[in-house]
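A quick write-up on the structure given underneath.
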Amino acid sequence: MTDKTMTPEEVVGRLRSGMTLGIGGWGSRRKPMALVRALLRSEITDLTVVSYGGPDVGLLAAAGRIRKLVAAFVTLDSIPLEPHFRAARESGAFALTELDEAMFMWGLHAAANRLPFMPVRAGLGSDVMTVNAGLRTVTSPYEDGETFVAVPALRMDAAFVHLNRADRLGNGQYLGPDPYFDDLFCEAADTAYVSCEQLVDRFARDTAPQSLLVSRHSVTGVVETPNGAHFTSCVPDHDRDEPFQKMYATTPWPAFAERFLSGKSEDDYQQAVRAWHEELR
């Protein structure tokens, strides 16, 4: 049994430019934002990012850290299209592989099971096959002879996910209504880092086994980051910070980055957020 606790800076210290990075969560929900912010405080760049995208993608895109994005969407949920992602994409700042949501999921499954691809029906007859010329189809070797999309495995060098609770061994628990695909991100990556709202010494005896989403065998490091999903939601610990999200979406990137991302630590970010909310009162 190994204590896997780390700091955000120690996590980022294990990454390198040019890596493929998976980021868990969904849209503007339970994103590992503290780890993303730590990444922005580093010099790491030229990333291939794999994500059901939200502000994680928006921040990295605006900062010029993405070389290629693999995503099913990039949204802030209550704001349909992530504006900083849109600006970067419209300027041609990075390459994009856009997949259907189900295709993306099966790409994670393929990687988690160390398969080169998974045959799926999702995407057939849609423009996703047109905009992604590299996608291939396969024919069933059985009597049905059905044609499927061969979704390539979404293998990653590293993955970031955020959960409500975790122990020092790397077991992670979600308490909200949706697991998203955080377990698959961890299993599909060579290394995986779990940030959490709270570290616990042990999980209660009456803990529902299905809530223990992430198992220590797929986790490299654990980081306790209270409010670390901000400004995305992490229910039941906290909802999405809608006023802050609206401000983020309407503020020019240089001004936002200077005020909220120029500090030396996550604590500096959280203090800047508190000061901003005080100004609203």
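Yes/no matrix, rows are residues, columns are (1) β-branched (Val, Ile, Thr); (2) part of a loop (DSSP other than H, G, I, E, B); (3) touching a Lys or Arg at 6+ places or on another chain (Cβ under 6 Å); (4) within 30 Å of Pro236 (Cα to Cα):
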residue: Ala87; (1), (2), (3), (4): no, no, no, no
residue: Val138; (1), (2), (3), (4): yes, no, no, no
residue: Glu143; (1), (2), (3), (4): no, yes, no, no
residue: His162; (1), (2), (3), (4): no, no, yes, yes
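I'd like to know if segment 61-82 contains one or more residues that are over 18 Å from Thr251 (Cα atoms), outside any loop (DSSP other than H, G, I, E, B), of a type in the set (Phe, Trp, Tyr) and within 16 Å of the chain's Cα centre (by Cα).
Within segment 61-82, one or more residues are over 18 Å from Thr251 (Cα atoms), outside any loop (DSSP other than H, G, I, E, B), of a type in the set (Phe, Trp, Tyr) and within 16 Å of the chain's Cα centre (by Cα).
How many residues, within segment 115-168, are basic (Lys, Arg) and touching a helix residue (DSSP H, G or I) at 6+ places or on another chain (Cβ under 8 Å)?
1
I'd like the residue in segment 59-81 that is in contact (Cβ under 8 Å) with a residue 60 or more places away in the chain and touching a strand residue (DSSP E or B) at 6+ places or on another chain (Cβ under 8 Å) and, out of all such residues, is surrounded by the fewest Cβ atoms within 10 Å (Cβ to Cβ).
Step by step, filter segment 59-81, then rank; the result is Asp77.
Quick check on my filter: what residues within segment 202-241 are among the hydroxyl-bearing types (Ser, Thr, Tyr), surrounded by fewer than 18 Cβ atoms within 10 Å (Cβ to Cβ) and at pLDDT 95 or above?
Ser211, Ser215
Leu39 fails exactly one of the following numbered conditions: (1) among the aliphatic types (A, V, I, L, M); (2) under 24 Å from Asn164 (Cβ atoms); (3) in contact with a Ser or Thr (Cβ under 9 Å, 6 or more places away or on another chain). What is the number of that condition?
With (1) among the aliphatic types (A, V, I, L, M); (2) under 24 Å from Asn164 (Cβ atoms); (3) in contact with a Ser or Thr (Cβ under 9 Å, 6 or more places away or on another chain) applied to Leu39, the lone miss is (3).
Counting just the residues of segment 1-54 that are of a type in the set (Lys, Arg) and part of a loop (DSSP other than H, G, I, E, B), which one comes out surrounded by the fewest Cβ atoms within 10 Å (Cβ to Cβ)?
Here the answer is Arg16.
Of these, Met118, Met105, which one is part of a strand (DSSP E or B), aliphatic (A, V, I, L, M) and surrounded by 16 or more Cβ atoms within 10 Å (Cβ to Cβ)?
So the residue among Met118, Met105 that is part of a strand (DSSP E or B), aliphatic (A, V, I, L, M) and surrounded by 16 or more Cβ atoms within 10 Å (Cβ to Cβ) is Met118.
Collect the residues in segment 121-130 that are over 23 Å from the mean Cα position of the chain (by Cα) and part of a helix (DSSP H, G or I), keeping them in residue-number order.
Met129, Thr130
Find all pairs meeting these conditions: Cβ atoms under 8 angstrom apart; at least six residues apart or on different chains; first residue within segment 117-141 and within 13 Å of Met103 (Cα to Cα); second residue charged (D, E, K, R) and buried (at least 16 other Cβ atoms within 10 Å of the Cβ).
Every condition considered, the pairs that remain are Ala122/Asp100; Gly123/Asp100; Ser126/Asp100; Val128/Glu98; Val128/Asp100; Asn132/Glu98.
Which one is nearest to Thr191 (Cα to Cα), of the residues in segment 83-96 that are buried (at least 20 other Cβ atoms within 10 Å of the Cβ) and within 17 Å of the chain's Cα centre (by Cα)?
Only one residue fits best here, namely Phe85.
The values are calculated or read from the model by the stated rules, or taken from the named source; none is laboratory data. Everything numeric here is computed off the predicted structure, so don't read it as measured data. Heads up, the Cβs are rebuilt from the backbone with ideal geometry, glycines too, and the neighbour counts pull from every protein chain shown.
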